[in-house]
Amino acid sequence: MNITKCIKAVERDRKVIADSSRISYYPLVISSIDGATIEDIDGNKYIDLLSSAGALNVGGSNSRVKEAIIEQLSKFIHYTPAYSYHEPMIRLAEKLIEITPGNYSKKVAFGLSGSDANDGIIKFARAYTGRSSIITFIGAYHGSTYGSMTMSAITPKMRRKIGPFVPDIHSFMYPNCYRCNFGKSEDCCNLECLEQIKEAFKNYIPIDEVAAIIIEPIQGDGGIIVPPKKYIKKLYELCIKNKILFVSEEVQQGFGRTGKWFGIDNFDVIPDAVILGKSIASGMPLSAIVAREEIMQSLEAPAHAFTTAANPVCCCAALSTIEIISEKGFLEHVNKIGNLVKEYFNKIKDAYEIIGDVRGLGLSIGVELVTDRIKKEKDIQAASKICYRCYEKGVVLITLNGNVLRIQPPLNITEKEMSKALEIIKSSIDDYLGGRIADDVLKLVKGW
Ligand SMILES: Cc1ncc(COP(=O)(O)O)c(C=O)c1O
């Protein structure tokens, strides 16, 4: 594998790009993308199991999305929706209202990133309810603006030196059945993780001052953690009973990622609001808050307005992305390939003590690596080395929470590509177990 040009480009990058914006894994310098195949500037090809952090659900170079972009570009690039109107934005808002859960009157506010949409929901929730407390979860990543950072609780690295943060935002344990924080197993679980929130409401957060609970339907960057259905149902009931808004944060899990349109569709509850980003426009900068009309009407302009929000080129990319995901068989394919991945790892698990847990919905899958199954000690070194060896052998994936292999390919990845990628992961695990991956790699793979 020759990566001479990539290494040179990375050296130049290091001189001009701030460290704060990159989590280092390997020197992948992209030159082009075709379906689920990435080519680097040295001509090496990789199967993409990351899809730009879940932002390319229909692929990084989808010809239909590109056509939609070019068609709009030939008309005009942008004109701010703060002072004018354009058709693509209106059409997209109508479409989002149609496809998001909830058969009630809704409105949409557009932004440019998942982060700003998460900031926005703090504002709307507070304005609508007249309450200030916001409940979020440990392990969550919601973004990099002040509000979304405050809602995040994933690593102290992102908080050091920049406080104080937005007040009255409280993070609680996310339900993690593989590593239950309360030492329970499924047969004796009494949803202690929900009880801790109730205890907090009893003891120090007045429940009638709680505006919203903001939860990812699968905790993505925390390690692809799937909560039990009964937890989400009970949390939802708690919200309804106490007039707390239930917000599904779909930035990573939305747009077909979990094999359903939205992650929360797997849990049979209807949120008051959904937060959308990443794949909404196939990686073009766009985000949206879609919520009950009365919530969205609680703020006056310009309380949540951005000059370059709802860019018409991005809106056309989004409309095209939605059209592709809506097609017959698309979500079935996601579930089929997702099941294939889980079956593969569950099958090899017997022979590989290092695989502690395999979990996920659709094509949002995490494979957790441990030093031994009983102690469940995280094998961060293994995950980092395997991740690097995968890159060397032609598969792009990253680690989450130190020891979880993140498997989130473009949703239209073929069975053949996925099977090849799985074989490469397995042979990389073999290389690790055989001591064939040098320690030097650990200097490069910094990870989350
Ligand atoms: C669940 C979730 N929410 C929000 C964000 C932030 O989105 P963005 O990076 O577009 O601001 C991310 C990004 O990783 C995410 O995974």
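The values are calculated or read from the model by the stated rules, or taken from the named source; none is laboratory data. In this text, all values refer to a predicted model and were calculated from it rather than measured experimentally. So basically every Cβ, Gly included, is an ideal-geometry build from the backbone, and we count neighbours across all protein chains shown.
Among the candidates Ser298, Ser320, Ser279, the residue that is at pLDDT 95 or above and in a loop (DSSP other than H, G, I, E, B) is uniquely Ser298. Test Ala68 against the stated conditions and say whether it is among the small types (Gly, Ala, Ser) and touching a residue at least 24 places away in the same chain (Cβ under 8 Å). Answer is yes for this residue. If you go through the stretch 306-319 and keep only what is among the polar types (S, T, N, Q) and either within 30 Å of Glu377 (Cβ to Cβ) or surrounded by fewer than 22 Cβ atoms within 10 Å (Cβ to Cβ) (or both), you end up with Thr307, Thr308.
If you go through the stretch 98-147 and keep only what is buried (at least 24 other Cβ atoms within 10 Å of the Cβ), in a strand (DSSP E or B) and either of a type outside the set (Val, Ile, Thr) or not assigned by TED's automatic domain parsing to the domain that holds Leu319 (or both), you end up with Ala109, Phe110, Gly111, Phe137. Looking at this structure, is Lys328 surrounded by fewer than 19 Cβ atoms within 10 Å (Cβ to Cβ), without any contact (Cβ under 8 Å) to a residue 24 or more places away in the chain, more than 16 Å from the chain's Cα centre (by Cα) and assigned to a loop (DSSP other than H, G, I, E, B)? Yes. Within the stretch 122-156, the set of residues being closer than 20 Å to Met296 by Cβ and among the polar types (S, T, N, Q) comprises Thr129, Ser132, Thr145, Ser148. Picking from residues in the stretch 212-262 that are in contact with a Leu (Cβ under 8 Å, 6 or more places away or on another chain) and among the acidic types (Asp, Glu), the one that is surrounded by the fewest Cβ atoms within 10 Å (Cβ to Cβ) is Asp221. Within the stretch 160-175, the residues that satisfy the criterion of being within 16 Å of the ligand (Cβ to nearest atom), buried (at least 17 other Cβ atoms within 10 Å of the Cβ) and not small (Gly, Ala, Ser) are Ile169, Tyr174. Selection of the stretch 138-148 for residues being within 11 Å of the ligand (Cβ to nearest atom) and more than 15 Å from Trp448 (Cβ to Cβ) yields Thr145, Ser148. Taking the listed residues Lys107, Lys157, Lys123, Lys95, the one that is under 26 Å from Gln253 (Cα atoms) and either at pLDDT below 95 or within 15 Å of the ligand (Cβ to nearest atom) (or both) is Lys157, with no other qualifying. Comparison of Asp34, Asp48, Asp40 shows that the only residue that is closer than 20 Å to Leu400 by Cα, more than 16 Å from the ligand (Cβ to nearest atom) and of a type in the set (D, E, K, R) is Asp48. Mind listing just one residue for me: the one in the stretch 51-69 that is aliphatic (A, V, I, L, M) and either within 16 Å of the ligand (Cβ to nearest atom) or in a strand (DSSP E or B) (or both) and, of those, surrounded by the fewest Cβ atoms within 10 Å (Cβ to Cβ)? Per the stated criteria, the residue is Ala53. Among the residues of the stretch 345-364, is there at least one that is under 18 Å from Lys446 (Cα atoms) and either in contact (Cβ under 8 Å) with a residue 60 or more places away in the chain or in the same structural domain as Asn44 (by TED's automatic domain parsing) (or both)? Within the stretch 345-364, not a single residue is under 18 Å from Lys446 (Cα atoms) and either in contact (Cβ under 8 Å) with a residue 60 or more places away in the chain or in the same structural domain as Asn44 (by TED's automatic domain parsing) (or both). Scanning the stretch 77-86 for residues that are touching a helix residue (DSSP H, G or I) at 6+ places or on another chain (Cβ under 7 Å) and either surrounded by fewer than 13 Cβ atoms within 10 Å (Cβ to Cβ) or under 30 Å from Pro409 (Cα atoms) (or both) gives a single hit, Ile77. Looking only at residues in the stretch 242-266 that are within 12 Å of the ligand (Cβ to nearest atom) and assigned to a loop (DSSP other than H, G, I, E, B), the one that is farthest from Ala288 (Cα to Cα) is Arg257.
Remark: pairs (first residue in the stretch 273-302, at negative phi; second residue within 14 Å of the ligand (Cβ to nearest atom) and of a type in the set (Phe, Trp, Tyr); Cβ separation under 6 Å; 6+ apart in sequence or on different chains) = Ser279/Phe255; Ala288/Phe110. Quick one: in the stretch 289-302, which of the residues that are in contact with a helix residue (DSSP H, G or I) (Cβ under 6 Å, 6 or more places away or on another chain) and of a type in the set (A, V, I, L, M) is surrounded by the fewest Cβ atoms within 10 Å (Cβ to Cβ)? Checked the stretch 289-302; the qualifying residue surrounded by the fewest Cβ atoms within 10 Å (Cβ to Cβ) is Leu299. Of the candidates Ile33, Ile90, the single residue that is assigned by TED's automatic domain parsing to the domain that holds Ala291, β-branched (Val, Ile, Thr), without any contact (Cβ under 8 Å) to a residue 60 or more places away in the chain and outside any loop (DSSP other than H, G, I, E, B) is Ile90.
Check whether at least one residue in the stretch 1-23 is hydroxyl-bearing (Ser, Thr, Tyr) and surrounded by 15 or more Cβ atoms within 10 Å (Cβ to Cβ), and report yes or no. Scanning the stretch 1-23, I find no residue that is hydroxyl-bearing (Ser, Thr, Tyr) and surrounded by 15 or more Cβ atoms within 10 Å (Cβ to Cβ), so the answer is no. Here Ser84 fulfils each of the conditions (1) part of a loop (DSSP other than H, G, I, E, B); (2) in contact (Cβ under 8 Å) with a residue 40 or more places away in the chain apart from (2).
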